[in-house]
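> Just passing along the structure, written as structure tokens.
The values are calculated or read from the model by the stated rules, or taken from the named source; none is laboratory data. Remember, predicted model here, so these are calculated numbers, not experimental data. All Cβ positions, glycine included, derive from the backbone under ideal geometry; neighbour counts span all protein chains shown.
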Amino acid sequence: MKKLLTITILGMALAAGSAQARDYDHVRFGVDVPYEPMEYRTADGELTGFDIELGNALCAEMDITCEWIEQEWDGIVPGLLARNYDAIMSSMTINDERRQTLLFSDPYITIPGAWFAAAGSELEEINEEALSGKSIGVQRGTTYDNYATDTFGDLATINRYSTADDMVLDLDAQRLDLVFLEFVVGKTTLLDNDEGSYKVVGEMVTEPEEYFGEGFGIAFRQRDEALAERFNEALATLKEDGTYDEIYEKYFGEE
Amino acid sequence: MDNLTTWFNDLLAGNVIFTPQTLGYYWTGLVTTSQLVFLSLVIGLVLAIPLAIGRSSRHRWISLPIYAYTYVFRGTPLLIQLYIIYYGVVFFDGIQQTFLWPILREAFYPALIAFTLNTAAYTTEIFRGAIKATPRGEIEAARAYGMSQALMMRRIILPSAFRRALPAYGNEVIFMLHASAIASVVTLMDLTGAARFVYARFYAPFEAFLFVAAIYLCLTFAILYFFRYLEKRLLAHLKPA
């Protein structure tokens with residue numbers, strides 16, 4: 001009896017296993033909307049953003065169809081495991097804790113940090129000499145806070161804010177010489193919001209990895225290694241043929 | 001002593017949060033908090049004495065404006081006052097060019113101004129209550145001696161009013177210490193600011209905040225004992241024999 005039971009369970013497991021290892025010709029993405037400009041809805045309700053466009057381009061490259069399923073961030077990993085969708089493409093940073101439960105594609109983007117200053121500022125580049133004695137605004141507890149504190153904390157004043165709005169107010173008030181934050185956030189709140197008043201100083205910062213992480217990846221269930229591999233290949237192709245750059249420019253181009 | 005050192009080393013072994021660097025942040029925080037609270041209390045006290053006398057004046061044109069001031073500052077949250085003084089001033093065009101800017105630029109002075117005005121308002125009301133509660137007999141006796149209003153205020157009313165106000169004022173000092181915890185919203189690295197930094201850095205809310213709470217407790221104890229000592233000395237005559 002016991003033996004029979006074992007065999008039955010084994011058989012079921014095998015059947016399930018083969019069912020799961022199927023080749024996808026339709027992939028459902030879980031996404032948490034909105035997170036501009038990565039994923040958001042346009043005024044007429046159309047879902048768009050960097051993740052969405054890149055995801056669709058990847059599917060087109062792989063010659064499969066895909067579908068976007070909205071899911072709040074809190075439940076986005078359980079939703080994947082419960083098979084409500086097959087992948088998460090929602091600005092998810094790759095890290096070791098998430099690797100415990102998820103399988104990640106290669107990183108498809110690393111959101112850089114950038115230094116912003118008033119357009120009239122004399123600052124042209126970022127180095128120890130230029131920043132010494134300056135006051136730098138950061139959002140408390142962010143990657144950017146940690147990086148700025150560890151790199152320039154000894155020679156410049158670091159002012160920490162709870163929100164980006166407070167920080168912008170103090171930059172306008174000339175209490176801050178420059179601010180350091182996620183480039184996309186800075187672009188939306190500074191460059192696009194008040195054109196001509198601010199500028200980016202120096203290079204974008206994406207390294208070291210210890211602060212800026214490994215970038216955003218598409219997350220899959222652990223067992224879907226084949227699917228992840230197909231996405232990695234498609235991503236490599238898009239990077240080569242320029243499609244990736246086109247989409248990147250559209251959302252993150254400086255102008 | 002050696003035992004103590006080993007004990008201390010054991011205690012800190014394997015801890016990643018309380019490094020010399022973070023303890024340095026807490027130390028800076030302690031210094032900032034102490035400066036801020038001490039200075040605002042001293043200036044507030046100096047302001048409060050004439051204000052309290054004015055507030056108890058029979059002339060309405062003296063007492064009413066002071067009442068309006070204390071009403072506004074006691075009737076609105078300190079956090080809002082701090083926001084207005086720190087973020088509000090920059091909306092005056094050209095403030096950056098005035099002589100005030102070097103002061104208003106730093107977070108410390110706007111915080112000091114807000115705290116001072118706030119504690120001065122409360123202290124004024126504490127003293128006013130104490131002045132009003134002067135026993136009639138003392139005033140009548142002073143009048144009978146032919147003292148002028150000013151002399152009576154200096155020799156009779158104020159000294160006894162201060163003594164009566166002491167316990168309530170001790171509370172105000174402790175409240176001020178605790179209220180100063182909001183200074184970190186305007187980027188000041190005070191004790192709470194240091195704790196928030198350590199918390200955000202290490203994702204360790206318990207360690208960061210329990211440690212800072214312990215520091216506040218020590219400060220409060222020091223203040224309590226100081227006022228207990230003062231009360232013992234200054235209110236000795238009121239003790240039951």
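> With respect to the numbered conditions (1) closer than 30 Å to residue B:187 by Cβ; (2) within 23 Å of the chain's Cα centre (by Cα); (3) of a type in the set (Val, Ile, Thr), which one is the sole condition not fulfilled by residue A:101?
(1)
> Any idea which residue in region A:119-138 is farthest from residue A:219 (Cα to Cα), counting only those that are within 14 Å of chain B (Cβ to nearest Cβ) and touching a strand residue (DSSP E or B) at 6+ places or on another chain (Cβ under 6 Å)?
Selected residue: A:135.
> Exactly one condition in (1) aromatic (Phe, Trp, Tyr); (2) out of contact with any Leu (no Cβ under 7 Å at 6 or more places or on another chain); (3) closer than 20 Å to residue A:35 by Cβ is not met by residue A:244; state its number.
(2)
> The conditions are (1) more than 19 Å from residue B:88 (Cα to Cα); (2) surrounded by fewer than 17 Cβ atoms within 10 Å (Cβ to Cβ); (3) of a type in the set (Asp, Glu); (4) facing another protein chain (nearest Cβ under 9 Å), and residue A:145 fails exactly one of them. Which is it?
(2)
> Residue A:115: among the hydrophobic types (A, V, I, L, M, F, W, C) and within 21 Å of residue A:212 (Cα to Cα), yes or no?
In short, yes.
> When only residues in region A:87-106 that are under 22 Å from residue A:34 (Cβ atoms) and of a type outside the set (Val, Ile, Thr) count, which is modelled with the lowest pLDDT?
Out of the qualifying residues, it is A:98.
> Scan (1) surrounded by 17 or more Cβ atoms within 10 Å (Cβ to Cβ); (2) within 15 Å of the chain's Cα centre (by Cα) for the single condition residue B:77 breaks and write down its number.
Condition (1) is where residue B:77 drops out.
> From the list B:216, B:225, which residue is within 24 Å of residue B:20 (Cα to Cα), part of a helix (DSSP H, G or I) and either more than 14 Å from every other protein chain (Cβ to nearest Cβ) or of a type in the set (Ser, Thr, Tyr) (or both)?
The match here is B:216.
> While we're on this one: Only one of B:188, B:112 is out of contact with any Phe, Trp or Tyr (no Cβ under 9 Å at 6 or more places or on another chain), over 30 Å from residue B:58 (Cβ atoms) and not aromatic (Phe, Trp, Tyr); which?
Being out of contact with any Phe, Trp or Tyr (no Cβ under 9 Å at 6 or more places or on another chain), over 30 Å from residue B:58 (Cβ atoms) and not aromatic (Phe, Trp, Tyr) holds for just one of B:188, B:112, which is B:112.
> In region A:34-62, how many residues are part of a helix (DSSP H, G or I) and under 16 Å from the mean Cα position of the chain (by Cα)?
6
> Which pairs have Cβ atoms under 8 Å, sit 6 or more apart or on different chains, and link a residue in region B:109-120 that is under 12 Å from residue B:39 (Cα atoms) to one that is outside any helix (DSSP H, G or I) and of a type in the set (A, V, I, L, M)?
B:111/B:188
> Next up: Give region A:82-134 a look and list any residue that's in a helix (DSSP H, G or I) and surrounded by 11 or more Cβ atoms within 10 Å (Cβ to Cβ), or say none.
A:98, A:99, A:128, A:130, A:131
> Would you confirm whether or not region B:177-189 contains a residue that is crowded, with 21+ Cβ neighbours inside 10 Å, within 14 Å of chain A (Cβ to nearest Cβ) and on the phi > 0 side of the Ramachandran plot?
yes
> Of A:165, A:154, which residue is more than 9 Å from chain B (Cβ to nearest Cβ), part of a helix (DSSP H, G or I) and of a type outside the set (Val, Ile, Thr)?
Only one candidate passes the filter, namely A:165.
> If a residue has to be in a loop (DSSP other than H, G, I, E, B), at pLDDT 90 or above and either closer than 27 Å to residue A:29 by Cβ or among the β-branched types (Val, Ile, Thr) (or both) to count, how many in region A:173-228 make the cut?
5
> Quick check on my filter: what residues within region B:203-213 are among the aliphatic types (A, V, I, L, M) and either on the phi > 0 side of the Ramachandran plot or not in a helix (DSSP H, G or I) (or both)?
B:204, the sole residue that qualifies.
> Only one residue in B:141, B:168, B:150, B:200 is part of a helix (DSSP H, G or I), within 14 Å of chain A (Cβ to nearest Cβ), surrounded by fewer than 21 Cβ atoms within 10 Å (Cβ to Cβ) and among the hydrophobic types (A, V, I, L, M, F, W, C), so which one is that?
B:200
> If you don't mind, there's one more thing I want to ask. Of the residues B:49, B:17, only one is of a type in the set (Val, Ile, Thr), in a helix (DSSP H, G or I) and out of contact with any Cys (no Cβ under 7 Å at 6 or more places or on another chain); which?
From the options B:49, B:17, the qualifying one is B:49.
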